[in-house]
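Report on the structure given below.
The values are calculated or read from the model by the stated rules, or taken from the named source; none is laboratory data. Everything numeric in this text was worked out from a predicted model, so none of it was measured. Note that we place each Cβ from the backbone using ideal geometry, even for glycine, and neighbour counts take in every protein chain shown.
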Amino acid sequence: MKVITVTEFGSADVLRLEERPRPEPSPNEVLIQVVNTSVNFADIKARLGRYHGVGQPPFVPGLDVAGIVVKTGARVQHLEVGTPVVAFPQGGSYAEYVVASPDLVFSLPSDIDWETAAALPTVGFTAYKLLHDVGRIEAGENILIHAAAGGVGTTAIQLARILGAQQIFGTVGRDDKKAIAEAAGADYVINYTKEDFVKEIQNRTNGQGVDLILDSIGGPISERSMDILAPFGRLVHFGSASGEDATIRIGDLHGSCRAILGFSLGTARAKRPEVLQSAAQTVLELVKRGQLTMYIGRKYPLEDAAHAHRWIESRASTGKILLEVSKA
Ligand SMILES: NC(=O)c1ccc[n+]([C@@H]2O[C@H](COP(=O)([O-])OP(=O)(O)OC[C@H]3O[C@@H](n4cnc5c(N)ncnc54)[C@H](OP(=O)(O)O)[C@@H]3O)[C@@H](O)[C@H]2O)c1
């Protein structure tokens, strides 16, 4: 079968198309024929050797797939051959076939198309966990979402609205991305490379700030975000796209009843997969009912994974980037 491997840590040039034997599911796994996989920012970090928990090259990158169960291990009970699914496979997802543990495989409602399916697991489940479970969003709250035009950003904006957010602010790194975040439902989008997002949000909230911040950037953006986090507010840190760390003073927390929280879907998958079940059910149902749209930015053939990586690294990409692996 065809796979893409990271041959060594480095630029997108290290991605290679290779032939490997098709994996065999263990008694507790299923084999999935992959239709589409998605490209996540974490794949770029993994390729660069900067993703927590990543092994040494060579390895197959990628986190999630949409495909069809083609074989089940002897002890697998609730999944049958022929079932369309989304899944987080063992090993990487840039491959024609993957194996996965049933607790990380989710049956796909028949009315969800293959592109939407591949786009939703990582960004959909993460966005829901960040807002609902970790950030404990309440109806009527104001929220700020950084990297608002990206995969997680466009999904989180819609979910925040569904969960009752009042004002939704977004930040983006280029003017042409504003329209994407607005189309997803953001009320006001700021280009944080040109405008002062702290001042803009203070002005638009009468100095009150926001109750919840989804921060995947790190560095000065995280530090400055604290200036507009309202009393009882929560900042959820879930990525460091800037590659920079940040310093938050604990003295800024207790008196104002504010909290800094963290979340990693990778850690949840590895250590507490059961916590993803309710997020998966809710997100799949919202997508099925047409209430949540996955914004697909671009789709490349599996062979062109390096182009997909370069596109995301350019910071010009919007929405979700997919790799087409086989025809359903
Ligand atoms: N913790 C988790 O479980 C989890 C799960 C999924 C994703 N994530 C994180 O969530 C973020 C969004 O993921 P995604 O896959 O949807 O990616 P994405 O938002 O589509 O792409 C990443 C975006 O980060 C922004 N960015 C800011 N500084 C950057 C820099 N120095 N270099 C490159 N990009 C920079 C860019 O948007 P602007 O230029 O518009 O700001 C870029 O488009 C990523 O940081 C990812 O690691 C975390």
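Quickly run through the stretch 118-149 and pick out the residues that are crowded, with 24+ Cβ neighbours inside 10 Å and within 16 Å of Phe197 (Cβ to Cβ).
If the condition is that a residue be crowded, with 24+ Cβ neighbours inside 10 Å and within 16 Å of Phe197 (Cβ to Cβ), then Ile143, Leu144, Ile145, His146, Ala147, Ala148, Ala149 are the ones that fit.
If you check Ala160, Ala181, which single one turns out to be over 14 Å from Gly319 (Cα atoms) and in a helix (DSSP H, G or I)? Show your work before the answer.
Values: Ala181 fails: over 14 Å from Gly319 (Cα atoms).
Every option except Ala160 fails the conditions.
If a residue must be of a type in the set (Gly, Ala, Ser) and within 13 Å of the ligand (Cβ to nearest atom), how many such residues does the stretch 259-284 contain?
Number satisfying all stated conditions: 6.
Restricting attention to the stretch 115-158, report how many residues are more than 13 Å from the ligand (Cβ to nearest atom) and under 16 Å from Glu182 (Cβ atoms).
Number satisfying all stated conditions: 2.
How many residues does the stretch 159-175 hold that are within 12 Å of the ligand (Cβ to nearest atom) and either touching a residue at least 24 places away in the same chain (Cβ under 8 Å) or within 23 Å of Arg289 (Cβ to Cβ) (or both)?
Of the residues in the stretch 159-175, the ones within 12 Å of the ligand (Cβ to nearest atom) are 170-175.
Imposing the further condition that a residue be either touching a residue at least 24 places away in the same chain (Cβ under 8 Å) or within 23 Å of Arg289 (Cβ to Cβ) (or both) reduces the set to 170-174.
Selection size over the stretch 159-175: 5.
Considering Val86, Val35, which residue is at pLDDT 95 or above, closer than 23 Å to Ala268 by Cβ and either surrounded by 16 or more Cβ atoms within 10 Å (Cβ to Cβ) or among the aliphatic types (A, V, I, L, M) (or both)? First the steps, then the outcome.
Numbers: Val35 fails: closer than 23 Å to Ala268 by Cβ.
Step by step, each of Val86, Val35 is checked, and only Val86 is at pLDDT 95 or above, closer than 23 Å to Ala268 by Cβ and either surrounded by 16 or more Cβ atoms within 10 Å (Cβ to Cβ) or among the aliphatic types (A, V, I, L, M) (or both).
Looking at (1) among the polar types (S, T, N, Q); (2) exposed (fewer than 15 other Cβ atoms within 10 Å of the Cβ); (3) within 16 Å of the ligand (Cβ to nearest atom); (4) touching a residue at least 24 places away in the same chain (Cβ under 8 Å), which is the one condition that is false for Ser256?
Exception for Ser256: condition (3).
Identify the single condition in (1) in a loop (DSSP other than H, G, I, E, B); (2) more than 26 Å from Gly319 (Cβ to Cβ) that Leu63 does not satisfy, given that it satisfies every other one.
(2)
Tell me the helices (runs of 4 or more DSSP H) entirely within the stretch 263-324 that contain at least 1 residues that are closer than 16 Å to Phe88 by Cα.
On the way: elements: 265-271, 277-288, 305-313.
In the stretch 263-324, the matching helices (runs of 4 or more DSSP H) lie at 265-271, 277-288.
Taking the stretch 18-65 on its own, how many of its residues are touching a residue at least 24 places away in the same chain (Cβ under 8 Å), hydrophobic (A, V, I, L, M, F, W, C) and within 16 Å of the ligand (Cβ to nearest atom)?
8
Can you tell me which residue within the stretch 230-253, out of those that are under 16 Å from Val152 (Cβ atoms) and within 8 Å of the ligand (Cβ to nearest atom), is surrounded by the fewest Cβ atoms within 10 Å (Cβ to Cβ)? Before the answer, list the steps.
At the first step, the residues of the stretch 230-253 found to be under 16 Å from Val152 (Cβ atoms) are 235-242.
Then drop every residue that is not within 8 Å of the ligand (Cβ to nearest atom), which leaves 238-242.
Values: Phe238: 19, Gly239: 21, Ser240: 18, Ala241: 19, Ser242: 15.
Checking each candidate, the answer is Ser242.
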